Amino acid sequence: MKSITMVRLAAHLMAHIEDLQGLGKLNVQDVHVIQDALLLLIGQIQQDCVKDQTNILVGIPLSFPTKTYEFQQRNSAPNSIIVYASGFPERKLKHVPIFSYGFDLAGLPAFDSALAILADFFGEDLSMRAFARGQGQYCFYYRVFAKEVLPRGHVETKNIIAFLQRGGFCCEK
């Protein structure tokens with residue numbers, strides 16, 4: 001089975017597991033254990049596809065426009081992330097549904113939010129195929145980024161750089 005198919009199935013299975021929790025078929029601890037196992041599987045698939053992984057800090061641009069990523073929620077529209085970059089008009093961040101069909105600060109949508117923000121930061125194209133192969137630098141830290149940085153709801157390039165310089169682990173809040 002191709003890597004993209006395996007990753008897509010694992011990501012969709014994660015959403016179905018949350019549905020089972022909502023129906024009372026699984027408890028929260030079971031959901032977290034299963035989802036962590038699926039995320040490890042996705043990571044293993046990505047590692048199997050990547051031949052030459054370079055240090056992610058090499059990819060941090062030396063000079064970059066200051067960007068701010070803000071979550072925007074509307075009643076009738078799905079959540080979106082607005083990018084404000086110095087010297088550029090505001091724009092909506094492209095959403096590629098890997099784990100969910102929208103952006104958010106928690107749960108599976110937070111993984112998609114983290115992937116989109118990190119891909120934009122590195123100037124990379126986010127796609128299911130590249131994600132499945134672990135090709136983008138955004139693939140390396142999206143899980144921790146979603147848990148440690150996104151809950152603020154307001155992310156700036158300085159937050160991302162601090163996060164990456166700490167090796168993708170807990171940032172100051």
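Odds and ends about this structure:
- Accessible area per residue was computed with a 1.4 Å probe on protein heavy atoms; Met128 scores about 20 Å².
- Each residue of segment 27-34 was assigned a 3J(HN,Hα) from its phi angle through the Karplus curve 6.51 cos²θ - 1.76 cosθ + 1.60 (θ = phi - 60°); the sequence is 8, 4, 5, 4, 4, 5, 5, 5 Hz, with glycine and proline shown as x.
- Helical runs assigned H by DSSP (4 residues or longer) give the chain a calculated mean residue ellipticity at 222 nm of -14500 deg cm²/dmol, each run adding -39500 (n - 2.57) before division by the residue total.
- Only aspartates and glutamates eight or more places from Lys94 in sequence, or on another chain, were considered; those with a Cα closer than 19 Å are Glu70, Asp104, Asp112, Asp120, Glu124, Asp125, Glu156.
- Taking amide H atoms as placed 1.01 Å from N in the peptide plane, the amide H of Glu156 lies under 5 Å from those of Tyr69, each 5 or more residues away in sequence or on another chain.
- Angle of helix 3-22 to the longest C-alpha principal axis of the chain, folded into 0 to 90 degrees and rounded to 10: 70°.
- Protein heavy-atom surface of the chain, 1.4 angstrom probe: 54% of the accessible area is carbon and sulfur, with nucleic acids and ligands not counted.
- For segment 79-127, radius of gyration divided by Kirkwood radius, i.e. Rg to Rh on alpha-carbons: 0.97
- Per residue, the accessible area of the chain comes to 56 Å², computed with a 1.4 Å probe over protein heavy atoms only.
- When the surface is traced with a 1.4 Å probe over the full set of protein chains, Glu90 keeps roughly 120 Å² accessible.
- Scaled radius of gyration (Cα, divided by 2.2 N^0.38 Å) that segment 85-173 gives: 1.02
- Percent of alpha-carbon pairs separated by more than 24 Å within the chain: 36
- For Leu26, residues with placed amide H under 5 Å, excluding near neighbours: Gln21
- GNM result for the chain, Cα springs below 10 Å: residue of Ala110, Ala37, Ala130 fluctuating most strongly: Ala37
- Pair Gln47, Thr66: separation of 7 Å Cα→Cβ label points (nm): 3.9
- GNM remark for the chain: springs join alpha carbons under 10 Å apart, and the peak mean-square fluctuation among Arg152, Arg74, Arg91 falls on Arg74.
The values are calculated or read from the model by the stated rules, or taken from the named source; none is laboratory data. Note that the structure is predicted; figures quoted are calculated from it, not measured. Glycine also receives a Cβ, built like all others from the backbone with ideal geometry; neighbour counts cover every protein chain displayed. Areas reflect the complete protein model, heavy atoms only, side chains present, ligands, DNA and RNA absent. Shrake-Rupley method; radii C 1.70, N 1.55, O 1.52, S 1.80 Å.
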